[in-house]
């Protein structure tokens, strides 16, 4: 049975990242990092350098927040959201599938710290009474417990302060990104419109070199507009302003319509695009426009990286609990060491499009955020020389997320 989308793991480690104990494990990963093992055993081998950078930040800044580090899971490599805090000579590390789950675990651990503080105060009070009647040894115990209690309270306040600072910095970054992208969109749209006008209305007055120049301007401005749109999407997602308009959707019809639209793009490269399902209809609650965006990104990638005279297969299956959309191509495949880059913003692999298409590097990052917003997951199976298959898994009923804002 797979862990829920909001699952996570929390560990207490020495300063050298040796695991002391697992505080919480909802992902079934505790066996990989028993007491005495190095924390690096939790993550993918190719992500250990990034883990080391994360731990170094925790040590120097006392806390670090929302690092995405790839971890081997039962379903394959998946990026988890990491947060950490220094507690004296120890490191508290939290990792979860989603940013909201990471925040939930962090808040629960802070609450536990509060409860521990209250218990310590009660114990300290009792020991003080015994100390007054009996021995100097109890005085020392009382002083030690008071010191520990004060340290816990100070650490709790410091962690809350660091989290607030990091959250504020992240919001400022997203705000500036959104402003810059929005301000660039209008002039780029004007440039594209003029280039299209020159191509369609003034083409006969231009020589071959001028027509090629106008075509280059139109292509470049179109790519830049797509990049701006993706940046705006990422800005909204990261700042928590991406709203899901969840409405009744007939998923079979939605996928079939999207495949039909993308067949025009595939035909230009002599690539077949086929949709196959045994389902006649599949009603569910979802944001239809956002699911179209997910499909356009997955199908666009499959077409971009597929050679001519191959076929892209789209499948749709359903169980009582989950709906799965699969997009499989016959392209070059992705090296295993590079799979972790796929869902990162601006993540790029060594694989190149077969038709020289340009990519913003944001499409799959947006796909993952939209799918997670629906309470689902996205993963990829790929083999070099055989192709790749991207699978989106959504809950069969999403009514519980109807008012959810990322």
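The values are calculated or read from the model by the stated rules, or taken from the named source; none is laboratory data. Just so it is clear, the structure is predicted and the values come from calculations on it, not from any experiment. Neighbour counts are summed over all protein chains in view; Cβ atoms, including those assigned to glycine, are modelled from backbone coordinates with ideal geometry.
Brief remarks follow.
- Residue count for region 79-99, restricted to those that are under 13 Å from the mean Cα position of the chain (by Cα) and under 16 Å from residue 25 (Cα atoms): 7
- All of (1) touching a helix residue (DSSP H, G or I) at 6+ places or on another chain (Cβ under 9 Å); (2) at pLDDT below 90 hold for residue 47 with one exception: (2).
- Residue 102 part of a helix (DSSP H, G or I) and modelled with pLDDT under 55: no
- Count of residues meeting criterion [over 14 Å from residue 159 (Cβ atoms) and either free of Cβ contacts under 8 Å to residues at least 40 places away in the same chain or surrounded by 15 or more Cβ atoms within 10 Å (Cβ to Cβ) (or both)] in region 77-90: 6
- Residues that are in a loop (DSSP other than H, G, I, E, B) and either at pLDDT 90 or above or touching a strand residue (DSSP E or B) at 6+ places or on another chain (Cβ under 6 Å) (or both), drawn from region 6-27: 15, 16, 17, 26, 27
- Matching residues in region 57-76 - criterion: being in contact with a helix residue (DSSP H, G or I) (Cβ under 8 Å, 6 or more places away or on another chain) and surrounded by 19 or more Cβ atoms within 10 Å (Cβ to Cβ): 63, 64, 65, 67, 69, 70, 71
Residue-by-condition table, conditions (1) assigned by TED's automatic domain parsing to the domain that holds residue 395; (2) under 22 Å from residue 373 (Cβ atoms); (3) crowded, with 17+ Cβ neighbours inside 10 Å; (4) within 20 Å of the chain's Cα centre (by Cα):
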residue	(1), (2), (3), (4)
258	yes, yes, yes, no
270	yes, no, no, no
274	yes, no, no, no
281	yes, no, no, no
284	yes, yes, yes, no
297	yes, yes, yes, yes
301	yes, yes, yes, yes
306	yes, no, yes, no
316	yes, yes, yes, no
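- Each residue in region 28-42 was checked for being part of a helix (DSSP H, G or I) and touching a residue at least 40 places away in the same chain (Cβ under 8 Å), and 2 of them qualify.
- Among the residues of region 161-184, some residue qualifies, meaning at least one is within 30 Å of residue 105 (Cβ to Cβ) and modelled with pLDDT of 80 or more.
- Residue within region 334-344 that is outside any loop (DSSP other than H, G, I, E, B) and in contact with a helix residue (DSSP H, G or I) (Cβ under 7 Å, 6 or more places away or on another chain) present: yes
- Scope region 365-402; condition in a helix (DSSP H, G or I) and at pLDDT 85 or above; matching residues: 367, 368, 369, 370, 371, 372, 373
- Going through (1) closer than 30 Å to residue 343 by Cβ; (2) at pLDDT 80 or above; (3) not assigned by TED's automatic domain parsing to the domain that holds residue 33 one by one, residue 157 falls short only on (1).
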